1. Over the chain, with a Gaussian network built from C-alpha contacts below 10 Å, which listed residue (SER71, SER35, SER25) shows the highest mean-square fluctuation?
2. If amide hydrogens are placed 1.01 Å from N in the peptide plane, which non-local residues have theirs closer than 5 Å to the one on VAL48?
3. Taking the Cβ of CYS22 as the center, what net charge do the other residues with Cβ under 14 Å away carry, scoring Lys and Arg +1 and Asp and Glu -1?
4. So, with a 1.4 angstrom probe, what is the percent of accessible area on the chain that is carbon and sulfur?
5. Roughly how many Å² is the accessible area per residue of the chain, as a whole number, for a 1.4 Å probe?
6. Just to be sure I understand the model, the point goes 7 Å from the Cα along the line to the Cβ. What's the resulting GLN82 to SER25 distance in nm?
7. Among DSSP beta bridges whose residues both lie in the chain, state the antiparallel percentage, nearest 5.
8. Rounded, prolate or oblate: pick one for segment 50-92, where a ≥ b ≥ c are the square roots of the eigenvalues of its C-alpha gyration tensor, a/c under 1.5 means rounded, and failing that, prolate if a/b is larger than b/c, else oblate.
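The values are calculated or read from the model by the stated rules, or taken from the named source; none is laboratory data. Note that the structure is a prediction, hence the values are computed from the model and not measured. Cβ coordinates were reconstructed from backbone atoms using ideal geometry, including for glycine residues, and neighbour counts include every protein chain displayed. Note: areas computed on protein heavy atoms with side chains; ligands, DNA, RNA excluded. Shrake-Rupley method; radii C 1.70, N 1.55, O 1.52, S 1.80 Å.
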Amino acid sequence: QVQLVESGGGLVQPGGSLRLSCAASGFIFSRHSMSWYRQVPGKERELVATISSYGGSTDYADSVKGRFIISRDNAKNTVSLQMNSLKPEDTAVFYCYIPALRVWGQGTQVTVSS
């Protein structure tokens, strides 16, 4: 059974940092690109970042370029999202996603507030 479990969300002050992690199981992790999305209530999910199967290629939404870094560890079947210089508008539920399999994690809440 394909499963994605996110962790690392929480409350952080503007300008702070958080690191999200996604633990994957039930499929050959190293064969798949992985993505992070986020969603604010009442809005569609937004693609935040994508990383290729071996990590050699990454892509980011313009809104997070230069602040967020996506990475992966194929030995540990994990994908991470390092979020720096966080802004209140980054507040959302963040989801891990496998594009090729169309599988979502359960999401983790990130709240940026003073």
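1. SER25
2. Residues meeting the criterion, in which the H sits 1.01 Å from N, are TRP36, TYR37, ARG38.
3. So the environment of CYS22 carries a net charge of +2.
4. Ligands and nucleic acids excluded, carbon and sulfur give 47 percent.
5. That works out to 53 Å² per residue.
6. 2.7
7. Bridges in the chain that DSSP calls antiparallel: roughly 90 percent.
8. Because a/c hits 1.5 or more and a/b exceeds b/c, segment 50-92 counts as prolate.
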